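Peer 1: Below is the structure I would like to discuss, written out as structure tokens.
The values are calculated or read from the model by the stated rules, or taken from the named source; none is laboratory data. Keep in mind the model is a prediction, meaning the values are calculated, not measured. All Cβ positions, even for glycine, are placed from backbone atoms using ideal geometry, and neighbour counts span all protein chains on display.
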């Protein structure tokens with residue numbers, strides 16, 4: 001077995017272990033949420049920031065998919081500098097309004113909607129703890145689109161892509177076939193609990209295979225963030 005094969009086998013083993021652990025914890029949602037919150041606060045965010053932010057270079061175009069209120073968008077704008085560009089993609093109207101205040105249009109493009117594998121509209125739920133696509137009373141109707149369609153609309157192609165979409169990461173990647181040709185790195189936050197609730201427990205393995213098929217090497221930054229690079 002080559003070093004490349006051994007590394008690939010390790011990443012697959014990590015993914016399978018994480019799927020198994022989250023599958024067990026899913027039976028205890030309160031404990032699951034608490035553990036994830038503690039880990040993210042104490043370890044996950046700091047480590048991920050150290051790994052992700054240096055990937056952004058002056059002059060880059062970065063797609064922040066699931067930008068929320070702009071935690072990463074702000075930092076990406078600083079990293080890419082005046083010659084770079086950030087595309088913030090976010091479906092929640094209140095968040096979109098906040099994003100618009102971060103930078104002028106020549107440095108920051110705002111896409112009000114969500115990325116998916118198909119074009120159309122879907123219901124979007126903001127439940128106080130997380131935002132996600134799905135049906136519920138009071139859900140918003142949001143535009144969904146393939147990321148590749150944004151290229152046709154004149155949105156610049158990305159050098160770096162960050163994805164945080166509450167369990168729809170696979171669908172987003174399915175719609176980025178052309179878009180990812182220009183990308184040297186993709187950072188995916190894998191929402192194991194959300195995927196399990198959707199009946200997609202083994203979706204992380206499909207995502208690993210999808211990224212490899214598109215020419216990326218993959219590794220886990222922590223227990224929920226996957227880095228694909230080339």
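Peer 1: Failed condition for residue 68, given (1) closer than 28 Å to residue 120 by Cβ; (2) modelled with pLDDT under 95; (3) over 16 Å from the mean Cα position of the chain (by Cα); (4) surrounded by 13 or more Cβ atoms within 10 Å (Cβ to Cβ), with all others met?
Peer 2: (3)
Peer 1: Let me ask something else. Can you find a residue in segment 65-72 that is in contact (Cβ under 8 Å) with a residue 24 or more places away in the chain and assigned to a strand (DSSP E or B)?
Peer 2: Checking segment 65-72: at least one residue is in contact (Cβ under 8 Å) with a residue 24 or more places away in the chain and assigned to a strand (DSSP E or B).
Peer 1: Please verify whether segment 120-143 includes one or more residues that are modelled with pLDDT of 95 or more and outside any helix (DSSP H, G or I).
Peer 2: No, segment 120-143 contains no residue that is modelled with pLDDT of 95 or more and outside any helix (DSSP H, G or I).
Residue-by-condition table, conditions (1) at pLDDT below 95; (2) surrounded by 22 or more Cβ atoms within 10 Å (Cβ to Cβ); (3) assigned to a loop (DSSP other than H, G, I, E, B):
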residue: 158; (1), (2), (3): no, yes, yes
residue: 161; (1), (2), (3): no, yes, no
residue: 166; (1), (2), (3): yes, no, yes
residue: 188; (1), (2), (3): no, yes, no
residue: 195; (1), (2), (3): yes, yes, no
residue: 204; (1), (2), (3): yes, yes, no
residue: 207; (1), (2), (3): no, yes, no
residue: 212; (1), (2), (3): no, no, no
